[in-house]
1. Quick one: compute the contact order of the chain, relative version, from alpha carbon pairs under 8 angstrom and 6+ residues apart, as a percent.
2. Rounded to the nearest percent, how much of the accessible area of segment 1-57 (1.4 Å probe, protein heavy atoms only) is carbon and sulfur?
3. Kindly sort S81, S3, S49 by accessible area of their heavy atoms, largest first, with the probe set to 1.4 Å.
4. Counting only trypsin sites (Lys or Arg not before Pro) that sit in a DSSP loop (anything but H, G, I, E, B) with at most 13 other Cβ atoms within 10 Å, what is the longest stretch of the chain containing none of them?
5. Charges only on Cβ, +1 for Lys and Arg, -1 for Asp and Glu: so what's the dipole of the chain about the Cα centre, in debye to the nearest 20?
Amino acid sequence: PRSTIVANAVRFRREMLRRQVAVQFDRELGALGRRERDEIVDAIDVLCSIEGIELLAATGRHTPARTRRTLTRAITAIVSSAEGNPRECPRE
């Protein structure tokens, strides 16, 4: 926490990954207002973060396939709620 170089690198990486989420879901979220879009991007960013994925893995109940299904279900629900059109999550 005391290293400016490390803190800047971590901040840069987090911002880059958040931008990737925004670009990936631009089609689904493009018609939303800025505030709602930012909140949804934030939620997806948290779900897809290394910390979020590690939290699922740490329980010992989540295989990589189950983790993928869990994240897909959560992201689909979030995006569907923004579109005002809840949908079923895709099945593997």
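The values are calculated or read from the model by the stated rules, or taken from the named source; none is laboratory data. Fair warning: this is a prediction, and the values are worked out from it, not measured in the lab. Cβ placement follows ideal geometry from the backbone for every residue including glycine, while neighbour counts extend to all protein chains displayed. Accessible surface is based on the protein model in full, side chains and every heavy atom, while ligands, DNA and RNA are left aside. Shrake-Rupley method; radii C 1.70, N 1.55, O 1.52, S 1.80 Å.
1. On the way: 48 pairs, mean separation 22.6, N = 92.
Relative contact order comes out at 25 percent.
2. Working: 2610 of 4430 Å².
Carbon and sulfur together cover 59 percent of it.
3. Descending order: S81, S3, S49.
4. 3-60
5. In debye, rounded to 20, the chain gives about 260.
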